[in-house]
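Structure, as structure tokens:
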There are 2 protein chains.
Amino acid sequence: MTTKMIGNAVVGQSGGPTAVINQSLVGVIEEVAKQDGIKHLFGAMHGVRGIVDEKLKDIKSTSPVELERIAHTPSSALGSTRDKPDEAYCEKIFSAFRKHDVRYFFYIGGNDSASTAHIVDSLAEKAKYDLKVFHVPKTIDNDLLVTDHCPGFGSAATFVNYAVIGDDLDNRSLPGIKIDIIMGRHAGFLTASSVLAKRREDDGPHLIYVPERPISMDQFANDVNEVYARLGRCMVIVSEGIHDVDGELWAKKLKEVTTDSHGNVELAGSGLDAYLIAVLKKSLPKARMRADTFGYLQRSFPVVVSPTDAQEARECGRAAVRAALSDTRSGSISLRRLPGKDYKCETFVTPLSTVAVKTKSLAQEHINAAGNFIMPSFVEYLRPLVAPLPEVGYFK
Amino acid sequence: MTTKMIGNAVVGQSGGPTAVINQSLVGVIEEVAKQDGIKHLFGAMHGVRGIVDEKLKDIKSTSPVELERIAHTPSSALGSTRDKPDEAYCEKIFSAFRKHDVRYFFYIGGNDSASTAHIVDSLAEKAKYDLKVFHVPKTIDNDLLVTDHCPGFGSAATFVNYAVIGDDLDNRSLPGIKIDIIMGRHAGFLTASSVLAKRREDDGPHLIYVPERPISMDQFANDVNEVYARLGRCMVIVSEGIHDVDGELWAKKLKEVTTDSHGNVELAGSGLDAYLIAVLKKSLPKARMRADTFGYLQRSFPVVVSPTDAQEARECGRAAVRAALSDTRSGSISLRRLPGKDYKCETFVTPLSTVAVKTKSLAQEHINAAGNFIMPSFVEYLRPLVAPLPEVGYFK
């Protein structure tokens, strides 16, 4: 296998969008553009789907001005896919690569994308076809193994904190119980990130619940009652993936409530938001309550972005191309925090197998004993990844 | 009645917060601070509630640096209230004013706040007590009479457009049907404002539904089907106050669906979001669908603010104080668009009775014949009120 191969390259984006996934894409494009050996850089429209359907667009000569505009645009400029290729699907990808003389494959996505890259890499090796395969990390959930953190997370966490700061000011002005439901079905990193919004002693969030620590509905209601009695209000941040001590998702318990309250619109809910309010209404029938689910805004809101996240996402794209031009055959780009007083990360390559399939959870040490708040150790990890948060003015 | 009275002033904030309601508050404070005649400026904590409970904080000497920080902070720095004072309540307000030698009352809020100001003004007049009463407009709904538009609306519309632009990019990358539910129980201005997010021919929003035009569920489903068949995706913006041709709120129809689908979590919904998805699933069982309710983020998100809105909110606060020092006894500050090529507004005073009680609706001429989109006439009205929207990059 030659280190620098003459041939074409393919880049694709996969899974849920982030605010900075196009930074990684542009990082790949601008680094490839420097290489004489790579003739065409094909953007695969809608990820692996675009490879097997041969929807490939040559994007190597996109102008720097256009590239910069794309880099600052949230969501996947090439389109994305939810397809999770199995062995047979990957055979089709590989066969498209042979047909188009593709020698470099860059895939930007989460752990499923790393798996796809891993299978394609194995197929190429078995066939003795020279192919360089690099996965570029992306996820607002921050749940990839090996890497210190994932590009996309810092910007989603920035959005969540802006929203929670505003919402806490709203809740101060019209006191009551406010629940915000945050993305992350299995990993609580994004939910936990809301801890930064608490800057004054009585600021919200007052309670934070992550999927990594099961909590009973009774405990949840007790916690809220305690804060409400003390402050006359309560800001609660809940992960959509929260589950009960019996291991069942709270979101699944909805059915019971719906059945209990046949015909009762107040209690029936298809969403966790309605369910949590129904649970709290039992002990706090008169309190003002409202739940909002932040939804897709967390992953695609423009401009409210972490500069560190944007810069690292770009650098991960560039690093993938540099690695592909080295002796390494394949791998996933990861971030490593360097020692020292000031925050700094460097990229390195980890084998695809170490990132594929499995995911990372929020460590138990970052969750308090009561399972209802986040520890300072997580704040220390988190702060450099998030943009500076808005100052808040108030009367002394 | 003297034009310039020696005495104290009270300022309060009422109703749902906005991103710029503190600009109006700071406008009042900085203009009052210039006046020798006004000894104390009391901030009423949580609006009229703070007046009757005598929770008054002297804020006249707040430093300019602190004031500027407060001005840029969303939500009501003095706290807010949902109390809608009747005659008896207003008697208590008036009696607190007598006790504290209050001669100036500035109340920042919507049409209910104008009503309160109006009743208090009448009581003072009847009692021959010299009192100047001025209402300062505020509402994200933009539903006050007389004024060209309301401070708070332009910033909420800016947030909504940022969110819809990001969400449309998200929907492009993973195509499907996406519904966003926007605040405004009776007025469709904020929902209609999302029209600015559509900049390219195939950009969303593709459909916009406001409360001012009833729409049947069949028509709604047909509209979505048509767009989905044409583009393979559909972005729908729906006001929370949308209602059926029989005049009933769609949100109220939930109960029927809940009853129909006893035990079926998919169909049961306490929210309009789940209901709309249930309606669409009948004709599009396989389409990817998701609905998000933007919720409180629309009224309290920090930083994503319209500079014009912020400046006008500030100016309305200042204008109220200037008016109070003129010969006018009472009134509501309103905005009037000046003729000319470039957008410019000036403030003027309208009698409290013209703003109290009633509200404004989106004019029918701004809604298309099919009742599913917004006309260019509204875009013309809206554009100067909203911040410049983020540029979007894409591959040609």
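The values are calculated or read from the model by the stated rules, or taken from the named source; none is laboratory data. Note that this is a predicted model, so its numbers are computed, not measured. Counting neighbours? That spans all protein chains shown, and the Cβs are built from the backbone with ideal geometry, glycine included.
With respect to (1) of a type in the set (Lys, Arg); (2) closer than 29 Å to B:Gly109 by Cα; (3) in contact (Cβ under 8 Å) with a residue 60 or more places away in the chain, the lone exception for A:Lys198 is condition (3). The residues of region B:14-24 that are closer than 17 Å to B:Val48 by Cβ and away from every other protein chain (no Cβ under 12 Å) amount to a single one, B:Ser24. Within region A:64-96, the residues that satisfy the criterion of being at the interface with chain B (Cβ under 7 Å from one of its Cβ atoms) and of a type in the set (D, E, K, R) are A:Glu66, A:Arg69, A:Arg82. In region B:314-325, which residue that is more than 23 Å from the chain's Cα centre (by Cα) and either among the aliphatic types (A, V, I, L, M) or closer than 19 Å to B:Val120 by Cβ (or both) is surrounded by the fewest Cβ atoms within 10 Å (Cβ to Cβ)? Filtering region B:314-325 for residues that are more than 23 Å from the chain's Cα centre (by Cα) and either among the aliphatic types (A, V, I, L, M) or closer than 19 Å to B:Val120 by Cβ (or both), the one surrounded by the fewest Cβ atoms within 10 Å (Cβ to Cβ) comes out as B:Leu325. Total residues in region B:330-349 satisfying the condition of being surrounded by fewer than 19 Cβ atoms within 10 Å (Cβ to Cβ) and either out of contact with any helix residue (DSSP H, G or I) (no Cβ under 7 Å at 6 or more places or on another chain) or basic (Lys, Arg) (or both): the figure is 10. Hey, can you tell me all the residues within region B:13-55 that are in contact with a strand residue (DSSP E or B) (Cβ under 6 Å, 6 or more places away or on another chain) and farther than 16 Å from B:Phe134 by Cβ? Within region B:13-55, B:Gly15, B:Lys39, B:His40, B:Gly50 qualify. Flag: A:Val32 does not match the condition of being away from every other protein chain (no Cβ under 11 Å), under 30 Å from A:Met183 (Cα atoms) and modelled with pLDDT of 95 or more. Kindly provide the set of residues from region B:204-225 that are buried (at least 17 other Cβ atoms within 10 Å of the Cβ) and over 12 Å from B:Trp250 (Cα atoms), ordered by number. The answer is B:Gly204, B:Pro205, B:His206, B:Leu207, B:Ile208, B:Glu212, B:Arg213, B:Ala221, B:Asp223, B:Val224. Among residues of region A:4-22 that are under 14 Å from A:Asp309 (Cα atoms) and touching a residue at least 40 places away in the same chain (Cβ under 8 Å), those with a Cβ under 6 angstrom from a residue that is of a type in the set (Ser, Thr, Tyr) and assigned to a helix (DSSP H, G or I), sequence gap 6+ or separate chain, pair up as A:Ala19/A:Ser155; A:Val20/A:Ser155.
Residue-level check: of (1) within 13 Å of B:Leu385 (Cβ to Cβ); (2) surrounded by fewer than 24 Cβ atoms within 10 Å (Cβ to Cβ); (3) under 12 Å from the mean Cα position of the chain (by Cα), B:Leu196 misses just (3). For A:Lys60, the conditions (1) within 17 Å of A:Gly317 (Cβ to Cβ); (2) at pLDDT 95 or above all hold with the exception of (2).
So, of the residues in region A:51-63 that are more than 7 Å from every other protein chain (Cβ to nearest Cβ) and in contact (Cβ under 8 Å) with a residue 12 or more places away in the chain, which turns out to be surrounded by the most Cβ atoms within 10 Å (Cβ to Cβ)?
Top of the filtered list is A:Ile51.
For (1) out of contact with any Lys or Arg (no Cβ under 9 Å at 6 or more places or on another chain); (2) of a type outside the set (Asp, Glu); (3) more than 14 Å from chain B (Cβ to nearest Cβ), each residue gets a yes or a no:
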residue	(1), (2), (3)
A:Arg337	no, yes, yes
A:Asp342	yes, no, yes
A:Val349	yes, yes, yes
A:Val379	yes, yes, yes
A:Leu385	yes, yes, yes
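Only residues that are under 15 Å from A:Leu231 (Cα atoms) and of a type in the set (A, V, I, L, M) were counted in region A:164-202, giving 3.
Can you find a residue in region B:276-284 that is facing another protein chain (nearest Cβ under 7 Å), part of a helix (DSSP H, G or I), touching a residue at least 60 places away in the same chain (Cβ under 8 Å) and buried (at least 24 other Cβ atoms within 10 Å of the Cβ)?
There is no residue in region B:276-284 that is facing another protein chain (nearest Cβ under 7 Å), part of a helix (DSSP H, G or I), touching a residue at least 60 places away in the same chain (Cβ under 8 Å) and buried (at least 24 other Cβ atoms within 10 Å of the Cβ).
Pull up region B:36-48, narrow it to residues that are at pLDDT 95 or above and away from every other protein chain (no Cβ under 11 Å), then point me to the one that is nearest to B:Val20 (Cα to Cα). Checking each candidate, the answer is B:Ala44. Set side by side, the residues B:Ile108, B:Ile59 differ, and just one is over 24 Å from B:Leu145 (Cα atoms) and among the hydrophobic types (A, V, I, L, M, F, W, C), which is B:Ile59. Looking at region B:301-311, is at least one residue among the aliphatic types (A, V, I, L, M), touching a helix residue (DSSP H, G or I) at 6+ places or on another chain (Cβ under 7 Å) and modelled with pLDDT under 95? Checking region B:301-311: not a single residue is among the aliphatic types (A, V, I, L, M), touching a helix residue (DSSP H, G or I) at 6+ places or on another chain (Cβ under 7 Å) and modelled with pLDDT under 95.
Which residue, of B:Phe378, B:Phe395, B:Phe301, B:Phe294, is more than 24 Å from B:Asn22 (Cβ to Cβ), of a type outside the set (Lys, Arg) and touching a residue at least 60 places away in the same chain (Cβ under 8 Å)?
Among B:Phe378, B:Phe395, B:Phe301, B:Phe294, only B:Phe378 is more than 24 Å from B:Asn22 (Cβ to Cβ), of a type outside the set (Lys, Arg) and touching a residue at least 60 places away in the same chain (Cβ under 8 Å).
Answer yes or no as to whether A:Gly247 is within 28 Å of A:Asp141 (Cα to Cα) and either at the interface with chain B (Cβ under 8 Å from one of its Cβ atoms) or modelled with pLDDT of 95 or more (or both). In short, no. One residue stands out among those in region A:82-109 that are within 20 Å of the chain's Cα centre (by Cα) and surrounded by fewer than 23 Cβ atoms within 10 Å (Cβ to Cβ): the one that is modelled with the lowest pLDDT, which is A:Lys84. Looking across region B:160-178, the residues that are within 22 Å of A:His46 (Cα to Cα), more than 8 Å from every other protein chain (Cβ to nearest Cβ) and aliphatic (A, V, I, L, M) come down to B:Val164, B:Ile177. Might you check whether a residue that is in a helix (DSSP H, G or I) and under 30 Å from A:Asp167 (Cα atoms) occurs anywhere in region B:356-366? Scanning region B:356-366 turns up no residue that is in a helix (DSSP H, G or I) and under 30 Å from A:Asp167 (Cα atoms). The numbered conditions (1) out of contact with any Asp or Glu (no Cβ under 7 Å at 6 or more places or on another chain); (2) buried (at least 24 other Cβ atoms within 10 Å of the Cβ); (3) within 11 Å of chain A (Cβ to nearest Cβ) are all true for B:Val11 except (3). Looking at (1) touching a residue at least 12 places away in the same chain (Cβ under 8 Å); (2) of a type in the set (D, E, K, R); (3) part of a strand (DSSP E or B), can you tell me which one A:Glu346 breaks? Single failed check for A:Glu346: (1). Counting only residues that are within 14 Å of another protein chain (Cβ to nearest Cβ) and hydroxyl-bearing (Ser, Thr, Tyr), region B:292-331 holds 4 of them. Scanning region B:291-306 for residues that are over 21 Å from A:Arg172 (Cα atoms) and over 16 Å from the mean Cα position of the chain (by Cα) yields a count of 3.
Hey, could you check region A:148-159 for residues that are crowded, with 24+ Cβ neighbours inside 10 Å and away from chain B (no Cβ under 14 Å) and say which is nearest to the chain's Cα centre (by Cα)? Ranking the candidates gives A:Phe153 first.
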